[in-house]
Every structure is written in C-alpha cells, then in structure tokens.
Amino acid sequence: MKKEEEKEVLLVREKENNNIKVVTGMDEKGDVKSVAPENKNKSKFLLLDNNNNVLENFMKNFWNQCKNPYGYDFFKVPAIDVESYAAQIKQIVDEPEAKEVISTIKVEPSQYNKPTYKPISEDEIDWEQLNSLGITKETLEKTKCLENLLNYKKTPILLSIKAECLGQPFYTDARLSLRRDDQGKVNIAVHPHRHKPNLNVPFFGLELTALDKLSLLNTGHLGRLADLNIKGQIVQSFVSLDKLTNELVAVRADKIKIPDELKEVPLTQKQQQALREGRSIYLTDMVSKNGSLFSAKVTVSADTRNLSFEFLNNEKQSKNQKNDDLIDFKLPNTLLGKELSEEDKIKLRKGETIFLTGLTKNNKVFDSFIKISNDQKKLEFMSKNYQNREEINRNAESLISSSNTNKTQRKI
C-alpha cells in the first residue's frame, strides 16, 4: 500500500473554460464526476493504485461512455500537492514552452483503448477463392496490394475482378479487403466500383440530409460526425466517399488520433476540435518531405483512416488540375461583410456551391447559398432568412443535381 505522501489522484481539465478539478468517478450518463482540488475534499478523491488498475478502468469507461471525450485533459499528480499542481497546470497548460513538462503528467485516454488486432498471415488467406476472382498472389505482390490486405486495408488500386451473372462470366473493377468474422476466420470483401454514389438509402441507420449529400459530392466527406448504428450500438463516426469505388465508408471517431502538430505546423485547440467534429481546416506553411512549404485543406478521411490533404493554392492546382477547368471569374476577398477563404474561392471557381452565414446587406443579416452563374458573369445568391436546418436542406436538395451538371459541362 502506498504511503499517504505517495498516493496519486487524477486531475481533469475542461478545455472550454480551463476549469480544473479532481476526479471522483463517473455517473450513469457517462459524465465525469469531480470536486474542487482542495484538501477538504480529499475523502472524495479517486485514488490511483500501484498497478494502475483504477486508472485503466476509469479511462476505458470514460472513453466508451463520454459523449465528448476530446473536451477534457487528464493529469496524474500526487494527492498531497493537488492544490499546487492544479493551480500551476491552469496557469501554464496552454504555453508552448511548458508542453514538455505537461507531457510528464498528462494522461491520454486513447492509450488505454488501443485496438487489439490479430495480424493476418498469408496462410489465412483463401487463395482458391481469390483465384476464382481472377486474382493471384503474384498479382497482389506486383501491384503492392498484399501489404495493404494483411493490414486490414483496402487494395490501393482497382483490380479487375472476375464475376458471373446468369451463368455468364464478366469482369468488373473493384477494391478488395480482408476482414475477420466473430469466429476469427479471414474473409474476402469485394468493393465494386459504382458509376455514382447512392446517397438515397440509409447508411447504418443514417438518413442523409440534402446538405450531407451536397458535402459528400463536393468534398468527399460528410463534414460532421454521424451517429451510426453498428451492430445495435450507436457509434460516433467519420463518413467519407471512397474515391475509387464511390461507396460510403465510415471509421469510428475514437480510432482517429488528432495530432498536436501537423507537418511542422502547431494545431490550435479550435483546429483540433474542428477536425474531431468532422470539419475541415485550412493550414498554410506546412513542410513537405522534400522541405518545401505548401498549404492545403485538411480533413479526416474515413476512407484512408487518416488526415487527408486537398490542395487549394494555385501552385498545387496547376499540378492536379488544369487551369482551364477553373472558371475565369474574379472573386472579392470580402463578400457582404463576410471574408471569402481561399477554399471558398476555389470551390466557386470549380463550379461548386458554397453556403455562407452572417451576410449583411441593407443592415439586414442573412444566410445564403452562393455559386457562379451559368453564364459566368455574376454570383447567384439563393438566400432566405432560414429558420431551421430543414429549410436549408430543402434549398440544398435542388443544388445537388445542378452541381453535378456544372461539373459535367466543364468536362465536355
């Protein structure tokens, strides 16, 4: 048993208001129970044991039950000095130069909830079934697909798959992946290429709104966290489109770690929170592997299960997209009192529709969908004083087909 002066407790910090307290447990709703870091409350403190069993159990429950696990920071400190530690942490926690010191006492809930995947070996693969699909081990090795499959990832490219319909063989393009069932057996999953995504059917119980569809078609990502029904359990997840197959894919939000720094650019708490909520951020002066600076829109991709980069600046656009594909239209930096980001400008010049809130005209504040007109001579505003999300969705529904039409016209 630890002596009194050796006992440790867990401090919890609410990021929103920098309020620091001592953990006492969790309630039935999944919220952290806590008290002020004062010695008079020490009988209520959750004391940590020698083997960290108490800490591990608390963190696992917190991670699985808390609605917003990213809204808190945790620190393991000596119980006898809890008041002093709480005061010091509150004062220096956001200071960059204190980052190294803070890391020595900080506790990451995710480290207690690492997935325990059993690696896939080549011997577990049903090679006969793969051969029946027209895929050989040699093909997978030459195309560098085998490594992805053994690590539970999809093949990085579309493969030509042999199939059969009404007794007649035919070939179709698809990605492959390997999955373990509840009995531990490895099965082959086929992800066929679709001509276009089907966004009109529920996705694990999620009914996509018109705004959801617009976001998926324009960006490839849902743009928010979704509550998906996975085997009877509601799980917050990121949702994206597989760019190669046009199928919807999802990944649990708690499986994605948002870093403190990306390509040598520190991320603010607001930027980290935006990414955790499925929104995108725009970062400048990131450093590439060859040492050059670049800017990009950053989003969590459920397809790659990682952060993805979409290049918006002119330098990258010239490499990835011909200038002829962009509408030649001069856009202002500020539109009706609202600043237009580089991301907004690129979307508009690509013929996409954006949605801005807080626009001001004649002393009236309003929200509006905005796009470049078909004759490319002006900006079109589809504005109303929207009262609720349903009204916005009704307006967005009509934009989905026109957005696709504009893209088709530019390719002709």
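Selection within segment 226-262: residues that are aliphatic (A, V, I, L, M) and part of a loop (DSSP other than H, G, I, E, B). The member of this set that is nearest to the chain's Cα centre (by Cα) is Ile256. Filtering Thr219, Thr143, Thr139 for residues that are within 20 Å of the chain's Cα centre (by Cα) and of a type in the set (Ser, Thr, Tyr) leaves a single hit, Thr219.
Annotation: of all residues in segment 16-43 being touching a strand residue (DSSP E or B) at 6+ places or on another chain (Cβ under 9 Å) and assigned to a helix (DSSP H, G or I), the one that is most open to solvent (accessible area, probe 1.4 Å) is Lys42.
Only a single item in (1) under 26 Å from Ala163 (Cβ atoms); (2) open to solvent by 20 Å² or more (accessible area, probe 1.4 Å) is not met by Ile125, and it is number (2).
Within segment 48-86, the residues that satisfy the criterion of being open to solvent by less than 60 Å² (accessible area, probe 1.4 Å) and aliphatic (A, V, I, L, M) are Leu48, Val54, Leu55, Met59, Val77, Ala79, Val82, Ala86. Selection of first residues in segment 122-136 that are among the hydroxyl-bearing types (Ser, Thr, Tyr) and of second residues that are part of a helix (DSSP H, G or I), restricted to Cβ pairs under 9 Å at least 6 apart or on distinct chains, gives the following pairs, ordered by first then second residue: Thr136/Trp127; Thr136/Leu130. Taking the conditions exactly as written (among the basic types (Lys, Arg) and not in a strand (DSSP E or B)), does Lys213 satisfy them or not? So Lys213 passes the test.
Could you please find all residues in segment 264-291 being part of a loop (DSSP other than H, G, I, E, B), open to solvent by 10 Å² or more (accessible area, probe 1.4 Å) and touching a Phe, Trp or Tyr at 6+ places or on another chain (Cβ under 8 Å)? Of everything in segment 264-291, just one residue is part of a loop (DSSP other than H, G, I, E, B), open to solvent by 10 Å² or more (accessible area, probe 1.4 Å) and touching a Phe, Trp or Tyr at 6+ places or on another chain (Cβ under 8 Å), namely Ser288. Kindly check whether there is at least one residue in segment 325-337 that is in contact with a Phe, Trp or Tyr (Cβ under 8 Å, 6 or more places away or on another chain) and either β-branched (Val, Ile, Thr) or surrounded by fewer than 17 Cβ atoms within 10 Å (Cβ to Cβ) (or both). For segment 325-337, residues in contact with a Phe, Trp or Tyr (Cβ under 8 Å, 6 or more places away or on another chain) and either β-branched (Val, Ile, Thr) or surrounded by fewer than 17 Cβ atoms within 10 Å (Cβ to Cβ) (or both): absent. Count of segment 53-80 residues, restricted to those that are acidic (Asp, Glu) and part of a strand (DSSP E or B), is 1.
Of Ile120, Ile105, all but one fail to be surrounded by 13 or more Cβ atoms within 10 Å (Cβ to Cβ) and closer than 27 Å to Glu38 by Cα; the exception is Ile105. When segment 175-218 is limited to residues that are among the small types (Gly, Ala, Ser) and surrounded by 14 or more Cβ atoms within 10 Å (Cβ to Cβ), the one that is nearest to Cys145 (Cα to Cα) turns out to be Ser177.
The values are calculated or read from the model by the stated rules, or taken from the named source; none is laboratory data. In this text the structure is predicted, and so the values were computed from the model without any measurement. Because the Cβ atoms are built from the backbone with ideal geometry, glycine has one as well, and the counts that use them run over all protein chains shown. What goes into the accessible areas is simple: the full protein's heavy atoms, side chains included, and nothing from ligands, DNA or RNA. Shrake-Rupley method; radii C 1.70, N 1.55, O 1.52, S 1.80 Å.
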